[in-house]
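Everything below concerns the one structure shown next.
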Amino acid sequence: TVAEAFATAKNGDEVVILKAGNYAVPTGKSITITGAVDGVEFNCGQNNIGLNGASITFNNVTFNWAANGWPYHGLAHCGDMEYNDCTFNGTVFLYGTSETFNNCKFNVTGDTYNVWTYSANKATFNGCTFNSDGKALLIYHEGASQFNEVTITDCDFIANSAVTGKAAIEMDSSLTAGISLTIDADTTATGFGTGNVSGNSLWNNKKGSNTDANNDITVVVNNETVLAPVTFAA
């Protein structure tokens, strides 16, 4: 069974799942999990699943998460995570030392985000599609020492409807060490509103101002720095 394969796999092994179905995410082992057929799913719901420091690569699988923001559910206590050709339904929070998404699809409905980068030190999205109802990616954390570095390349953000004051990518570093966001020229945002601070539909420093909050954010779009940190005298 798949459960037995997970139990016997050693670090560095690959478990190939040959049959569609719902499975439990293994914990504590740094392995590769590949769906050889479509329909290999992990129904995670509203759970926070601890991986005990493991680094896992997922290929061609689907994650079904609850579509809300509590209790910050995701694959926690993990190392370097990689996802290739995967689908994410609902809202997921990232916790890895690094999180890399290649050609993945994110789907969510309602007043919520597809992804919170949250505890991920580095999050990279390559060739991904985000489908949402007006806000897709939130870069935010409550930890004063947390720094989020996010890179987005050739991604499509698609909104079914616009939310006033919200862009595709929202940022709030008021409680963190800062944010670095890099977006390439091929990334697009369609159907979103404009950010309440940035006036841009792709990115927004939602609690920004010219005097205090959120000036520890750097945004680079198409190799041009469009927002830089500002230091103010007391």
Exercise. Hey, could you pull the Cα Rg and Dmax for the chain, both in Å?
Worked result: 17.9, 63
For this session: For the chain, compute the number of Lys pairs whose alpha carbons are separated by less than 26 Å, excluding pairs fewer than 8 positions apart on the same chain.
Result: 19
For this session: Determine ³J(HN,Hα), in whole Hz, for all residues of region 147-160 in sequence, where each value follows from phi through the Karplus function 6.51 cos²θ - 1.76 cosθ + 1.60 and θ = phi - 60°; x replaces Gly and Pro.
Result: 10, 9, 10, 10, 10, 10, 10, 6, 10, 10, 9, 10, 9, 6
Exercise. Where nothing but the Cβ of Lys and Arg (+1) and of Asp and Glu (-1) is charged, how large is the charge dipole of region 1-63 around its Cα centre, in debye to the nearest 20?
Worked result: 120 debye
Problem set entry | Estimated distance in nm for a label pair at residue 163 and residue 102, the labels positioned 7 Å out from Cα along Cα-to-Cβ | 3.1 nm
Exercise. By how many nm would the segment from residue 46 to residue 111 grow when fully extended, if each residue of separation counts as 0.36 nm and the alpha-carbon distance is taken off?
Worked result: 21.8 nm
Exercise. How do 108-114, 15-21 rank on mean C-beta neighbours within 10 Å, highest first?
Worked result: 108-114, 15-21
Problem set entry | Sequence-separation-based contact order of the chain, relative, with Cα cut under 8 Å and 6+ spacing, percent | 10 percent
Exercise. Residue by residue, what Karplus-based ³J(HN,Hα) values in Hz, rounded to whole numbers, does region 71-81 have, using 6.51, -1.76 and 1.60 with θ = phi - 60° and x for Gly and Pro?
Worked result: x, 6, 7, x, 8, 9, 6, 10, x, 9, 10
Exercise. Using r as the Cβ-Cβ distance of residue 80 and residue 184, and R0 as 22 Å, what FRET efficiency do you calculate, to the nearest 0.05?
Worked result: 0.50
Exercise. Can you give the Rg to Rh ratio of region 71-161, both from alpha-carbon atoms, with Rh computed by the Kirkwood formula?
Worked result: 0.94
Exercise. What is the calculated FRET efficiency for residue 153 to residue 38, with r their C-beta to C-beta distance and R₀ = 25 Å, to the nearest 0.05?
Worked result: 0.50
Problem set entry | Whole-Hz couplings from phi, Karplus 6.51/-1.76/1.60, listed for region 220-229; x for Gly and Pro | 10, 10, 6, 6, 10, 6, 9, 8, 10, x
Exercise. Any idea which of 123, 191, 65 is furthest toward the positive side of the dipole for the chain, if Lys and Arg beta-carbons carry +1 and Asp and Glu beta-carbons -1?
Worked result: 65
Problem set entry | Dipole moment magnitude, nearest 20 debye, region 26-182 about Cα centre, only Lys, Arg, Asp, Glu C-beta charged | 160 debye
Problem set entry | Global form of region 149-225, assessed from the alpha-carbon gyration tensor, a/c cut-off 1.5 | oblate
Exercise. Over the Cα atoms of region 1-83, how large are the radius of gyration and the largest Cα-Cα distance (Dmax), in Å?
Worked result: 12.3, 35
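Bear in mind that the values in this text are calculations on the coordinates, not laboratory data. On a predicted model such as this, the values are computed, not experimentally measured, just so you know. Methodologically, a virtual Cβ is constructed for each residue, glycine included, from the backbone with ideal geometry; neighbour enumeration extends over all protein chains shown.
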